[in-house]
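Beneath this line is the structure, given in structure tokens, with notes to follow.
What follows is calculated from the coordinates using simple rules that are stated; it is not laboratory data. Values in this document were obtained by computation on a predicted structure and should not be read as measured data. As a convention, Cβ positions derive from the backbone with ideal geometry for all residues, glycine included, and neighbour counts pool all protein chains shown.
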């Protein structure tokens, strides 16, 4: 999943899709460019606040990014569902 968190109206559908498509062993890699203009910082904050209700996040350190493509404003997250009772 990349560059999906910049439009406030897409946050809830994106989170619902993530919940619908993930299970206890699913790993989602989320890559995004941190934006500092306009409403983007607030939308980003809201996305991660909502995401953490159902998911655990692990930020991949910059030194683990590809040397040629790494950038201070590009972030990669490893996302897993929080343990819960999944339907059989």
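Below are the figures for this structure:
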| quantity | calculated |
| --- | --- |
| Where labels lie 7 Å past Cα in the beta-carbon direction, separation of residue 15 and residue 80 in nm | 2.2 nm |
| Equivalent ellipsoid semi-axes - Cα gyration tensor, region 1-87, angstrom | 22, 18, 10 |
| 0 to 90° range, to nearest 10: angle between helix 8-21 axis and the chain longest Cα axis | 50 degrees |
| Top of 16, 64, 46 by mean-square fluctuation, Gaussian network on the chain, Cα under 10 Å | 64 |
